[in-house]
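See below for the structure under consideration.
Here, each number is a calculation from the coordinates, and none is a lab measurement. Computed from a prediction, not measured in an experiment: that's the story for all the values here. Cβ coordinates were reconstructed from backbone atoms using ideal geometry, including for glycine residues, and neighbour counts include every protein chain displayed.
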């Protein structure tokens, strides 16, 4: 170990892009699954909110600095007061794609400017081959509409998600 840097929360994922200039760390600050919020066990919001930590890796290790990107209030996110970033992937332009699984959203963060440049809902999926009935019979013929809740994301070589 050559250095420690306090990131200020519970890290869930880390990535360093091809440039090697920035490390992006998803600080989920995962919720308490047993806490009841508005009558829902493990419900949201549960503060403190998660965020993206960005470490500038330029120069000697002793010069590295960490900063925080606020992910609250993002357009397209469910429970925008309590973001829970799950996974991060950095592309060749030092743009981080960050999944917010429990918020059913994805945020794009410019690491050099340490700011969100775009966010969007991951939408819903409609299935017709689920078994949702609690009837002791396995039959994959029930409809189900649910949020996608992305757990991970990756940039393609062409710069697409």
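Among (i) 1.19; (ii) 1.13; (iii) 1.03, which is the computed Cα Rg over 2.2 N^0.38 Å? It is the value labelled (i).
The protection proxy used here, the mean number of other Cβ atoms lying within 10 Å of each residue, ranks peptides 51-62, 97-108 as follows, highest first: 97-108, 51-62. How far is the Cα center of region 81-128 from the Cα center of region 1-39, in Å? A separation of 14 Å, based on Cα centres. For residue 151 and residue 56, a Förster radius of 30 Å and the Cβ-Cβ distance give a FRET efficiency of 0.60, rounded to the nearest 0.05. The order of 155, 64, going from fewest to most other C-beta atoms within 10 Å of their C-beta, is 64, 155. Highest average first, the peptides 84-90, 130-136, 68-74 ordered by how many other beta carbon atoms sit within 10 Å of their residues are 84-90, 68-74, 130-136. Ordered by the number of other Cβ atoms lying within 10 Å of each residue's own Cβ, fewest first, 79, 120 fall into the sequence 120, 79.
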